[in-house]
């Protein structure tokens with residue numbers, strides 16, 4: 001399939017590499033900055049542009065992987081004078097209707113992406129939606145060349161999917177960052193001492209529901225331990241509040 005890739009960030013980089021490895025033809029990369037466009041285009045061995053007006057007309061699918069706040073404007077520019085284009089965005093929390101063309105869809109790979117770290121795309125759950133049945137079949141076929149886990153999910157379901165991912169990934173990772181700082185500031189211990197605990201916690205939920213896997217002072221409602229923890233955070237009222245809210249949520 002002939003693909004025009006709109007964006008050159010973390011997701012665009014990973015999906016671009018996966019598309020190339022699956023045998024698709026990357027016709028062009030667009031990015032608003034020359035450096036990022038040139039970098040990704042070199043990796044994908046294709047031309048690049050920093051002008052939306054110069055995006056190629058020859059693609060079967062235009063995959064838009066940009067920040068949510070820029071999606072509507074970018075899509076409008078791509079559709080101006082080219083209403084026949086099949087535009088597909090990759091955002092978990094944005095409705096398909098953000099795209100102004102009749103031929104429109106969503107390909108949402110649910111994973112955390114970084115340019116510096118290659119992921120196994122075959123294992124990533126991909127969620128698809130399209131306005132037209134034929135385009136939906138084509139988009140699902142495209143997704144199945146990238147991943148073994150392809151699901152259909154409309155915009156409403158995808159909103160809650162993205163919200164759930166924020167709790168599982170972004171909030172959990174923020175807790176890792178808090179842990180890393182506390183270890184560094186109070187004893188100079190390395191964060192790597194937490195890795196076996198993190199790994200076992202992740203492994204457990206492959207076999208148990210997260211609710212059954214829950215351990216710690218909050219699930220036991222061990223107020224003696226909890227009060228000591230809260231006192232250790234006496235200089236950080238925001239962390240005290242986070243600790244209390246999470247503990248109360250676990251108890252409930």
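The values are calculated or read from the model by the stated rules, or taken from the named source; none is laboratory data. These numbers were taken from a predicted model, which means no experiment stands behind them. Please note: Cβ atoms are built from the backbone with ideal geometry, for glycine as well, and neighbour counts cover all protein chains shown.
Out of (1) at pLDDT 95 or above; (2) assigned to a helix (DSSP H, G or I), the odd one out for residue 23 is which?
Residue 23 satisfies all of (1) at pLDDT 95 or above; (2) assigned to a helix (DSSP H, G or I) except (2).
Take the residues in the stretch 84-97 that are under 22 Å from residue 156 (Cα atoms) and surrounded by fewer than 19 Cβ atoms within 10 Å (Cβ to Cβ); name whichever of them is farthest from the chain's Cα centre (by Cα). Give the steps one after another, and end with the answer.
So in the stretch 84-97, the residues under 22 Å from residue 156 (Cα atoms) come out as 86-97.
Going one step further and asking which of them are surrounded by fewer than 19 Cβ atoms within 10 Å (Cβ to Cβ), we end up with 93, 95-97.
Working: 93: 10, 95: 15, 96: 16, 97: 20 Å.
Among those residues, the one meeting the criterion is 97.
Considering 41, 70, which residue is in a helix (DSSP H, G or I), in the same structural domain as residue 101 (by TED's automatic domain parsing) and buried (at least 17 other Cβ atoms within 10 Å of the Cβ)?
So the residue among 41, 70 that is in a helix (DSSP H, G or I), in the same structural domain as residue 101 (by TED's automatic domain parsing) and buried (at least 17 other Cβ atoms within 10 Å of the Cβ) is 41.
What single numbered condition from (1) over 15 Å from the mean Cα position of the chain (by Cα); (2) surrounded by fewer than 20 Cβ atoms within 10 Å (Cβ to Cβ); (3) assigned to a helix (DSSP H, G or I) fails to hold for residue 151?
(3)
If you scan the stretch 203-218, which residues turn out to be under 20 Å from residue 247 (Cα atoms) and loosely packed, with under 13 Cβ neighbours inside 10 Å?
Hits for the stretch 203-218 are 209, 210, 211, 212, 215, 216.
May I ask you to verify whether residue 123 is within 21 Å of the chain's Cα centre (by Cα), farther than 17 Å from residue 5 by Cα and at pLDDT 95 or above? Give the derivation first.
On the way: within 21 Å of the chain's Cα centre (by Cα): yes; farther than 17 Å from residue 5 by Cα: yes; at pLDDT 95 or above: no.
Here the answer is no, as residue 123 does not meet what is asked.
If I ask for residues that are outside any loop (DSSP other than H, G, I, E, B), within 12 Å of the chain's Cα centre (by Cα) and within 23 Å of residue 141 (Cβ to Cβ), which ones from the stretch 98-120 would you list?
Kept after step one, since they are outside any loop (DSSP other than H, G, I, E, B), are these residues of the stretch 98-120: 98, 104-109, 114, 117.
Cutting the leftovers down to within 12 Å of the chain's Cα centre (by Cα) gives us 107-109, 114.
Listed by number, the residues that qualify are 107, 108, 109.
Has the stretch 210-223 got at least one residue that is closer than 30 Å to residue 118 by Cβ and out of contact with any helix residue (DSSP H, G or I) (no Cβ under 7 Å at 6 or more places or on another chain)? I'd like the intermediate steps shown before the answer.
Step one: filter the stretch 210-223 for residues closer than 30 Å to residue 118 by Cβ, giving 210, 213.
Going one step further and asking which of them are out of contact with any helix residue (DSSP H, G or I) (no Cβ under 7 Å at 6 or more places or on another chain), we end up with 210.
Yes; the residues of the stretch 210-223 include at least one that is closer than 30 Å to residue 118 by Cβ and out of contact with any helix residue (DSSP H, G or I) (no Cβ under 7 Å at 6 or more places or on another chain).
Would you check if there is a residue in the stretch 145-153 being modelled with pLDDT of 95 or more and within 22 Å of residue 214 (Cα to Cα)?
Taking every residue of the stretch 145-153 in turn, none turns out to be modelled with pLDDT of 95 or more and within 22 Å of residue 214 (Cα to Cα).
Which members of the stretch 98-111 meet the condition of being in contact with a helix residue (DSSP H, G or I) (Cβ under 7 Å, 6 or more places away or on another chain) and surrounded by fewer than 21 Cβ atoms within 10 Å (Cβ to Cβ)? It would help to see each step written out before you state the result.
We begin by selecting, within the stretch 98-111, every residue in contact with a helix residue (DSSP H, G or I) (Cβ under 7 Å, 6 or more places away or on another chain); these are 98-101, 103-110.
Correct list: 98, 100, 101, 103, 110.
Kindly indicate which of 143, 165 is closer than 23 Å to residue 93 by Cβ, assigned by TED's automatic domain parsing to the domain that holds residue 12 and surrounded by 12 or more Cβ atoms within 10 Å (Cβ to Cβ).
Details: 165 fails: assigned by TED's automatic domain parsing to the domain that holds residue 12.
Answer to the selection: 143.
Checking the structure you have, find out if any residue of the stretch 75-83 is assigned to a loop (DSSP other than H, G, I, E, B), assigned by TED's automatic domain parsing to the domain that holds residue 15 and closer than 18 Å to residue 159 by Cβ. It would help to see each step written out before you state the result.
First, pick out the residues of the stretch 75-83 that are assigned to a loop (DSSP other than H, G, I, E, B): 80-83.
Keeping just the survivors that are assigned by TED's automatic domain parsing to the domain that holds residue 15 gives 80-83.
Retained after the next criterion (residues that are closer than 18 Å to residue 159 by Cβ): none.
The answer is no; no qualifying residue exists.
Taking the stretch 121-134 as the region of interest, how many residues are within 10 Å of residue 105 (Cα to Cα) and surrounded by 18 or more Cβ atoms within 10 Å (Cβ to Cβ)? Even if it seems obvious, please write down each step before you answer.
First, pick out the residues of the stretch 121-134 that are within 10 Å of residue 105 (Cα to Cα): 128-132.
Applying the additional criterion that residues be surrounded by 18 or more Cβ atoms within 10 Å (Cβ to Cβ) yields 128-130.
The total comes to 3.
From 239, 183, 246, grab the single residue that is touching a helix residue (DSSP H, G or I) at 6+ places or on another chain (Cβ under 9 Å) and over 30 Å from residue 92 (Cα atoms).
Working: 239 fails: over 30 Å from residue 92 (Cα atoms); 246 fails: over 30 Å from residue 92 (Cα atoms).
When all the criteria are applied, what remains is 183.
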